[in-house]
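Report on the following structure.
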Amino acid sequence: MKDLKGRAARFVLLLGAWLVLTDARKPDEWIAGIVVALLAAVLPLFPRPVLGDLKLSPKALFGMIAYAAVFMKALVMSNLDVAFRVLHPKLPINPGIVAIRTRLVTPLGRLLLANSITLTPGTITVETKGDTFYIHWINVAERDVGAATKAIVGEFEKRLEVFCG
Amino acid sequence: MAETVFLVASGIALLALVLAGLRMALGPTAVDRTVALDGMTIIALSLIAAWAWFSGRGIYLDVALVYGLASFAGVVAIARYLEGGLK
Amino acid sequence: MNGTIGAFLALGGSVFLLLASIGLIRMPDYYNRMQTGTKATTLGSILFLLGVGVMRPEWLGKLLLLVGFVVLTNPVSSHALARAAHRIRDRLGKLEKAVLAVDALADDEAAETAADRSDTDAGNGEAKHA
């Protein structure tokens, strides 16, 4: 069931990309796109479609939008942070690698969390081992696993849990 | 007006490309060079889109897309190589 | 009008691209360079590409595809690089020392290796005994 959902999501995504790249007004392109996207989605090119972890419900959809908004805000904040650190004459950094532990269990959730960490202020994912993520922090504030988890991913984890726990 | 501002923007992006290239030349480690290469490909992606606008030909956007795909695969391949090849 | 808005968006994006490059030059080691490099080039290219999209709305679809692609792949490639850098840190250390106040990953790995070694030692001891 999850596999089927993942392959269906992959099909929709690939067909969408095809139609954006070609002329969506021509029926030929629809036929070619459907054939190619179907082949790519059904053939066992990848062992497990991660998109199957997406939940489908109105609540999950709103969760996705809320996550996108939080993500965009964090991306802008992290860039202002970068601008401050880069342009500061003294280069205020105190880097280190800390461990955090996530509650997310699905591969898609963990993938999105790792990517979100990389694009949010001062942090970048270095290594993941199961539920433990090792994160390079440009200005280490918390060394304890629990406190670091709360400081870095508290917000994202909550948002991601809604649609791909 | 718009054209002048966009020309300035492209010039700044080009300067960024040169600075990233400087880091690539300076190194000192292979990882530093690859980080610089990664940054340069993203900047080059933007510059290809800029060129598409200046020349008025949308086909360059497809070039940018394929270039992005290839360079992403390239950076990941280099990272994998560094992991195994330099141990 | 549209053209002016798009051009200014692109200008903002190019400033972030420049900040990324300044970060690449100024930051002291490869992890910090990844930090500035990844974050600032992502937002910079998003703004730049959206700027082009606002100036030429008929290209917006393709440019949004490009933006989505950059947002998804940029963190992945920097993650791959960071992981590689940490695994070969001894080799890299000869050329450039990474400044780290704390390294939980190296500590955990050291603890794991120590646990493995004591396991095998105990196993050998039993084998000898038999």
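When you look at the Cβ of every residue in B:63-69, what mean number of other chain Cβ atoms sits within 10 Å?
Partner Cβ neighbours, averaged per residue: 3.
Evaluate the charge dipole of the range B:2-82 about its Cα centre and quote only its size in Debye, nearest 20, assuming +1 on the Cβ of each Lys and Arg and -1 on the Cβ of each Asp and Glu.
The calculation lands at about 160 debye.
Indicate the helices, whole DSSP H runs only, in chain C that combine a mean Kyte-Doolittle hydropathy of -0.5 or more with a Cα extent along their long axis of 27 angstrom or more.
C:2-26, C:30-55, C:60-87
Considering chain A as a Gaussian network with a 10 Å cut-off on Cα pairs, which listed residue, A:THR22, A:THR118, A:THR149, attains the greatest mean-square fluctuation?
A:THR22
Could you tell me which of B:GLY11, B:VAL31, B:TRP53 has its Cα farthest along the dipole of the range B:2-82 towards the positive end, charges placed at Cβ (Lys, Arg +1; Asp, Glu -1), taken about the Cα centre?
So the residue we want is B:VAL31.
What residue among A:LEU54, A:LEU39, A:LEU108 shows peak mean-square fluctuation when chain A is described by a Gaussian network model with Cα springs under 10 Å?
A:LEU39
Using just the helices of chain A, give the 222 nm mean residue ellipticity in deg cm²/dmol: DSSP H runs with n ≥ 4 each add -39,500 (n - 2.57), and the total is spread over all residues, rounded to 500.
-20500 deg cm²/dmol
How large is the Kirkwood hydrodynamic radius of the protein assembly as shown, counting all unique pairs of alpha carbons, in Å?
Numbers: mean 1/r = 0.0451 Å⁻¹.
For the protein assembly as shown, inverting the mean 1/r across all distinct Cα pairs yields 22.2 Å.
Provide B:VAL76, A:VAL35, A:VAL153, B:VAL8 in ascending order of the number of other Cβ atoms located within 10 Å of each residue's Cβ, fewest first.
Listed from fewest to most nearby Cβ atoms, that is A:VAL35, B:VAL8, B:VAL76, A:VAL153.
What is the distance in Å between the Cα centroid of the range A:23-42 and that of the range C:27-42?
If you average the Cα positions of each part, the centres end up 39 Å apart.
Going by amide H atoms built from the backbone, whose H comes under 5 Å of the H on A:GLU142, apart from near neighbours?
none
Using alpha carbons only, how many degrees (0 to 90, rounded to 10) separate the axis of helix A:2-21 from the longest principal axis of chain A?
For A:2-21 against chain A, the angle is about 80 degrees.
Calculate the mean, over all residues of peptide A:17-23, of how many other protein chain Cβ atoms lie within 10 angstrom of the residue's Cβ.
On the way: counts 6, 0, 1, 6, 6, 0, 0.
Going residue by residue through A:17-23 and averaging, the value is 3.
For the range C:51-93 and the range A:126-154, what is the centre-to-centre distance using only Cα atoms, to the nearest Å?
22
Could you list B:ILE48, A:ILE152 in order of exposure, starting from the residue whose Cβ has the fewest other Cβ atoms within 10 Å?
Least to most surrounded, the residues fall as B:ILE48, A:ILE152.
Quick one: what are the phi-derived ³J(HN,Hα) couplings along the range A:112-119, Karplus 6.51/-1.76/1.60 with θ = phi - 60°, whole Hz, x for glycine and proline?
Karplus-based 3J(HN,Hα) across the range A:112-119 equals 5, 5, 4, 5, 5, 4, 5, 9 Hz.
Please state the relative contact order of chain A as a whole percent: Cα pairs under 8 Å, 6+ residues apart?
About 26 percent, as a whole number.
Short version: ³J(HN,Hα) in whole Hz for each residue of the range A:67-74, in order, from phi by Karplus 6.51 cos²θ - 1.76 cosθ + 1.60 (θ = phi - 60°), x for Gly and Pro, what are they?
4, 4, 5, 4, 4, 4, 4, 5
Could you state the angle between the C-alpha long axis of helix B:2-26 and the longest principal axis of the C-alpha atoms of chain B, as a value from 0 to 90 degrees rounded to the nearest 10?
Orientation of helix B:2-26: about 20 degrees from the principal axis.
Defining a contact as two alpha carbons under 8 Å apart and six or more residues distant in sequence, what relative contact order in percent does chain C show?
Working: 99 pairs, mean separation 33.4, N = 130.
Relative contact order for chain C comes out at 26 percent.
Under 20 °C and 1.002 mPa s, how fast does the range A:1-100 diffuse according to Stokes-Einstein, given a Kirkwood radius computed over C-alpha pairs? Answer in µm²/s, whole number.
123
Using a 10 Å cut-off on Cβ to Cβ distances, tally the other chain neighbours for every residue of B:21-32 and report the average as a whole number. Intermediate values should be presented prior to the final figure.
Details: counts 2, 3, 8, 1, 0, 2, 3, 5, 11, 8, 17, 11.
If you average over the peptide's residues, the count of other-chain Cβ atoms is 6.
Rounded to the nearest 10 degrees, what's the angle between the helix B:59-85 long axis and the longest principal axis of chain B, both from Cα atoms, 0 to 90?
10
Kirkwood Rh, Cα Rg: Rg to Rh for the range A:41-137?
1.06
Please report, to two decimal places, log10 I(q)/I(0) for chain B at q = 0.13, 0.25 Å⁻¹ as given by the Debye formula with identical point scatterers on the Cα atoms and no solvent.
Debye curve over Cα of chain B, log10 I(q)/I(0) at q = 0.13, 0.25 Å⁻¹: -0.51, -1.18.
Below 8 Å between Cα atoms, with a sequence gap of 6+, how large is the relative contact order for the range B:2-82 in percent? List each step's numbers first, then the result.
Details: 54 pairs, mean separation 20.2, N = 81.
Contact order relative to length: 25 percent.
Kirkwood Rh and Cα-based Rg: tell me the resulting Rg over Rh for the range C:20-101, rounded to two decimals.
Dividing the radius of gyration by the Kirkwood radius yields 1.13.
Step through the residues of the range A:79-87 one at a time and calculate ³J(HN,Hα) from phi using the Karplus curve (6.51 cos²θ - 1.76 cosθ + 1.60, θ = phi - 60°), rounding each to whole Hz and writing x for Gly and Pro.
Using θ = phi - 60°, the values come out as 6, 5, 4, 4, 4, 4, 5, 6, 8 Hz.
Sorted from fewest to most neighbouring beta carbons within 10 Å, what does the list C:THR38, B:THR29 look like?
Details: C:THR38 27, B:THR29 21.
By the 10 Å Cβ count, ascending, the order reads B:THR29, C:THR38.
Readers should treat all values here as calculations from the given coordinates under stated rules, not as data from a laboratory. Keep in mind that what you see is a predicted model, and the values were worked out from it rather than measured. Every residue, glycine as well, gets a Cβ built from its backbone with ideal geometry; the counts of neighbours run over all protein chains shown.
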